[in-house]
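**Student:** Here's a structure for you.
Just so it is clear, none of the values below were taken in a lab; they were calculated from the coordinates. Because the structure is a prediction, the values reported are computed rather than measured. Here the Cβ positions follow ideal geometry from the backbone for every residue, glycine too, while neighbour counts run over all protein chains shown.
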Amino acid sequence: MIERITWNNETLGIILRTGFRKDGIEFFTPPEFSQQLAYMKRGKGHAIPPHVHNPAPREVHFTHEVLFVKSGKVRVDFYQDGDAYLESRVLLPGDVILLCGGGHGFAMLEESELIEVKQGPYAGENDKRRFPAVDESRVVIGG
């Protein structure tokens, strides 16, 4: 129910499938990641005390992003830093993915709704470098 896509000992993505269940809390990312991904399951009556987050200077060098698949079917293509295609995964409604290294592209296999969360502020076209997508004949669905 948790898939880690890695290349050369670097985590490119973490997929949390919709069927994942576990009591308590589990973090899937190491503390040094600039974006954290966790799952929580708490029983009725459990309370998280009111709080505010203290100012904590952080330096972010790369944009990590989280996508929630609300509906549809989405193929995620993973690339190493040098733009070479590695493999793909298919995401379904309820799946969540943290993209945290290498490159990535998407193909909507059905009409799809996605919710994206990432660090800001958005730097416009300076925020990314585009490159050609994998040829459809070379797509390999891993996992």
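**Student:** What are the semi-axes of the equivalent ellipsoid of the range 1-60, taken as the square roots of 5 times the eigenvalues of the Cα gyration tensor, listed largest first and rounded to whole Å? Don't skip to the answer; put the middle values down first.
**Tutor:** Details: eigenvalues 122, 88, 8 Å².
One finds semi-axes of 25, 21, 6 Å for the range 1-60.
**Student:** OK, next. Please give the charge dipole size of the chain, origin at the Cα centre, charges +1 on K and R Cβ atoms and -1 on D and E Cβ atoms. Round to the nearest 20 debye.
**Tutor:** 640 debye
**Student:** Relative to the compact-globule scaling 2.2 N^0.38 Å, provide the ratio for the alpha-carbon radius of gyration of the range 60-120.
**Tutor:** Against the compact-globule rule of thumb, the ratio is 1.12.
**Student:** If contacts are Cα pairs under 8 angstrom and at least 6 residues apart, what is the relative contact order of the chain in percent?
**Tutor:** 25 percent
**Student:** Take the Cα radius of gyration of the chain and divide it by 2.2 N^0.38 Å, with N its residue count; two decimals is plenty.
**Tutor:** 1.14
**Student:** Can you give me the distance in nm between label points at Gln36 and Glu116, each placed 7 Å from the Cα along the Cα-to-Cβ direction?
**Tutor:** Calculated label separation equals 2.5 nm.
**Student:** Positive end of the charge dipole of the range 38-110 (Lys, Arg +1 and Asp, Glu -1 on Cβ, about the Cα centre): tell me which of Gln80, Gly43, His61 has its Cα farthest that way.
**Tutor:** Highest projection toward the positive end goes to Gly43.
**Student:** A further question on this structure: Starting at the first residue of the range 126-135, write each ³J(HN,Hα) from the Karplus equation 6.51 cos²θ - 1.76 cosθ + 1.60 with θ = phi - 60°, in whole Hz, x for Gly and Pro.
**Tutor:** 6, 7, 8, 10, 8, 8, x, 6, 4, 5
**Student:** Now for a separate question. About its Cα centre, what dipole magnitude does the range 1-60 give when the only charges are +1 on Lys and Arg Cβ and -1 on Asp and Glu Cβ, stated in debye to the nearest 20?
**Tutor:** On the way: 8 positive and 6 negative charges, 88 e Å.
That gives a dipole near 420 debye.
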